[in-house]
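Only the coordinates and a few stated rules stand behind these numbers; no lab work does. Note that the coordinates shown come from a computational prediction; the quantities given were computed from them, not determined experimentally. Here the Cβ is made from the backbone with ideal geometry for all residues, glycine too, and neighbour counts use every protein chain on show.
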Amino acid sequence: MKKPALPSLPSDPLALEALIDAGAAMNGLTVDPAYRAGVKVHLNAVTNAAKAVLAFEVKDGAEPGPVFQP
């Protein structure tokens, strides 16, 4: 099975603004201009977290444990 491409944010500032606008519109939201910088910071953090999760190698035969044991 081919590994999915790692997520990335647009490097073009106008494309990033368009991504924020499109995401907000799809969810029926508007982003106050005062919060746009924070939205960009959080998008970057989520993208980096997704990269870390997707980069973790899991063997094909790996399965979750049947019982949680702390």
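Among (1) loosely packed, with under 10 Cβ neighbours inside 10 Å; (2) within 30 Å of LYS59 (Cβ to Cβ), there is one condition ALA37 misses while meeting the rest; what is its number?
Condition not satisfied by ALA37: (2).
Looking for something assigned to a loop (DSSP other than H, G, I, E, B) and loosely packed, with under 12 Cβ neighbours inside 10 Å - is there at least one such residue anywhere in region 16-27? Let's see the steps before the verdict.
First pass over region 16-27, keeping only residues assigned to a loop (DSSP other than H, G, I, E, B): 27.
From what's left, loosely packed, with under 12 Cβ neighbours inside 10 Å: 27.
Yes, the conditions are met somewhere in region 16-27.
List the residue pairs whose Cβ atoms are under 6 Å apart, where the first residue sits in region 47-70 and is surrounded by 10 or more Cβ atoms within 10 Å (Cβ to Cβ), the second is not acidic (Asp, Glu), and the two are 6 or more positions apart or on different chains.
Between residues of region 47-70 that are surrounded by 10 or more Cβ atoms within 10 Å (Cβ to Cβ) and residues that are not acidic (Asp, Glu), the close pairs are THR47/PRO7; THR47/LEU9; ALA50/PRO7; LYS51/LEU6; LEU54/LEU6.
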